[in-house]
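Note sheet for the following structure.
The values are calculated or read from the model by the stated rules, or taken from the named source; none is laboratory data. Bear in mind the structure is a predicted one, so any value in this text is a computation, not a measurement. Cβ coordinates were reconstructed from backbone atoms using ideal geometry, including for glycine residues, and neighbour counts include every protein chain displayed.
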Amino acid sequence: MPTARVSPTVNRWAAVLAGLAWFAGDRVDAVAPAERIIRGGPIVTVNPAQPTAAAVAITAGRITAVGAEAEVMRLAGPATVITDLAGRTLVPGFIDGHSHFMSLVDVQTQALCASPPAGPCRRVADVIAALQDLQARRNIGPGKFVMGFGYDPELLAEKRPPTKQELDAAFPDNPVILVHVSGHGAMLNSRALATYSITAATPTPAWGVIGREPGTDEPDGLLFETAFLPIFSKVPGPGDEETLALLTAGQELYLREGITTAQEGATMKHQLDLLRILADRGSLRLDLVALPFITEIDAVFDGKLPHNEPDYKNRLRIGGVKIVSDGSPQGRTACFTTPYLVPGPAGEKDWRGELSFPQPTLNEWVKKAYDGGATVFVHCNGDAAIDALLEAHRYASGGDPAKPRGTIGVHSQFIRRDQLEKYRAWGITPSFFTLHCFYFGDTHVENRGAAQADFISPMKSARALGIRPANHTDFNVSPLDQIFTIHTAVNRVSRSGRVIGCDERVTALEALEAITIDGARMYGEQGLKGSIEPGKLADFAVLSANPLTVPATEIASIHVEETIKEGATVWRRPAGR
């Protein structure tokens, strides 16, 4: 797997730190005092050679010592800042296995239409009320778009989204786009449909869905996949300066969850340009890995083959490219080899979903990325889409599929055991999504059956094969919540209380590894971050309790108290909260 290089300054530091031998008592006195020492609570290092410690020393943003308190305190000097954990737990900074950093703009400018506990909407009327509140709060005038995100028809009392007619009645003067919780589709009112010239004469595009009024070709407002994506990319948004301000402020959502490395998981060229401005202004308070979307690579890489940027520049780097092979299992657009147990999103019978792009297109995209040396992150949910990833990898590998490429199967939700074994043989790593067990587990049982639902995000089976999967939130599909991500990997309990795959539960340490050291491996940065070891970045999260020692069912009650990036506190929980 490709490894991120560090700057010459960082390399010099690594050489110095490697020679410190801080643990040899007769040498410690010769070392310059640490800038900061953290002590006074459990330290979970995620380093199997030294699983726990009592203190850690930091200088110039790097960890210089880890171990017993008495030994580490010998590095204290008159100016050393001593941080007392007061019984709280220190863990490595959390590494985001997959999310959409640019969604920070959406969550601040659109209506939250999710159902509890992620949002307030229990009924269709609640969704409409949330949109109306947004319109009033942001003073959205006639003709301007009103947008909401996160609605899940399966969780509304009516078991359906607002209809086009209901949205028309509530917003007669505004186009409305209500984005599905999956991010792969939306409901539009008549004004929005007219804005994009979607009529009864509009053909349903290949690999897309346009819902129709019963017995007619009149669009009912439902659009998914390739019918939705071109429209979504054209929706007017905030201006560049407002976007930069929203990103600057919004990244606190990541920091308050202990995340010190984030991902922008499908980056358009203009978005990348804005992120570079943000980075150059010194406004990034965490590391950010951008993944240009495959259709943007010619523009992003100026006609050259796609490639990773080995170094962060002002905390931003390109870490690969993103490809999408299918849709959403909860939206019933993920692609399977067997039919869903329920109709498709527009009432299709014997529906298996569809690939997002033809297999030959996926093959050539992966080959182009491999030829340039870029890490490929492929969104794949259904087992047919995972087959498509495997075929594209085989094709692009030129007869040597076992050659390590660092390829990531993003989600890999409904992977079969034979596919998991092929992942191991071919060096493909899944970034799983165990939050689905809670948020969508009951829906998956209904849509796909208990046996297939119980094997979603099979972390235990993957680890048994020697695979080290990452784990993620896919923000804003689900809320940024790294603690709940650990909780769902350990407990795998749905909203209704059903256990979704008891045999795939992992230990709290294994769940923690998935969002620390295994996330670092996914980015090729395991030598830089992901565990608490001398020489690595001093990226930490301070937790209210130790997830390794509290009862499994109480992990979700833990919260992040403080986030530390390169030795400096970048977020602290306000007093009394």
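Quick look at the numbers
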quantity: In the range 326-354, residue nearest to the chain's Cα centre (by Cα) [restricted to those that are at pLDDT 95 or above and aliphatic (A, V, I, L, M)]; calculated: 334
quantity: Subset of the range 557-577 [part of a loop (DSSP other than H, G, I, E, B) and surrounded by 14 or more Cβ atoms within 10 Å (Cβ to Cβ)]; calculated: 558, 559, 566, 567, 573
quantity: Some residue of the range 207-227 being buried (at least 21 other Cβ atoms within 10 Å of the Cβ), at positive phi and outside any loop (DSSP other than H, G, I, E, B); calculated: yes
quantity: Matching entry among 427, 399 (being at pLDDT below 95 and not basic (Lys, Arg)); calculated: 399
quantity: Scan of the range 546-556 for residues that are more than 23 Å from residue 468 (Cα to Cα) and not in a helix (DSSP H, G or I), ordered by number; calculated: 550, 551
quantity: First in the range 103-116 and within 15 Å of residue 180 (Cα to Cα), second anywhere and surrounded by 21 or more Cβ atoms within 10 Å (Cβ to Cβ) and among the β-branched types (Val, Ile, Thr), Cβ under 7 Å, 6 or more apart; calculated: 113/127; 114/181
quantity: Filter result for residue 403 (among the basic types (Lys, Arg) and over 17 Å from residue 522 (Cα atoms)); calculated: no
quantity: Every residue from the range 254-281 that is over 19 Å from residue 303 (Cα atoms), in a helix (DSSP H, G or I) and either out of contact with any strand residue (DSSP E or B) (no Cβ under 7 Å at 6 or more places or on another chain) or without any contact (Cβ under 8 Å) to a residue 24 or more places away in the chain (or both); calculated: 274, 277, 278, 280
quantity: Matching residues, the range 157-182, being under 25 Å from the mean Cα position of the chain (by Cα) and within 20 Å of residue 442 (Cβ to Cβ); calculated: 180, 181, 182
quantity: Residues (within 25 Å of residue 356 (Cα to Cα), assigned to a loop (DSSP other than H, G, I, E, B) and not polar (S, T, N, Q)) located in the range 305-320; calculated: 305, 306, 307, 319, 320
quantity: Condition met for residue 572 (among the basic types (Lys, Arg), touching a helix residue (DSSP H, G or I) at 6+ places or on another chain (Cβ under 7 Å) and modelled with pLDDT of 95 or more); calculated: no
quantity: Residue match in the range 186-193 (condition: touching a Phe, Trp or Tyr at 6+ places or on another chain (Cβ under 6 Å) and hydrophobic (A, V, I, L, M, F, W, C)); calculated: yes
quantity: Test: residue in the range 184-204 that is surrounded by 22 or more Cβ atoms within 10 Å (Cβ to Cβ), of a type in the set (Ser, Thr, Tyr) and within 26 Å of residue 267 (Cβ to Cβ); calculated: no
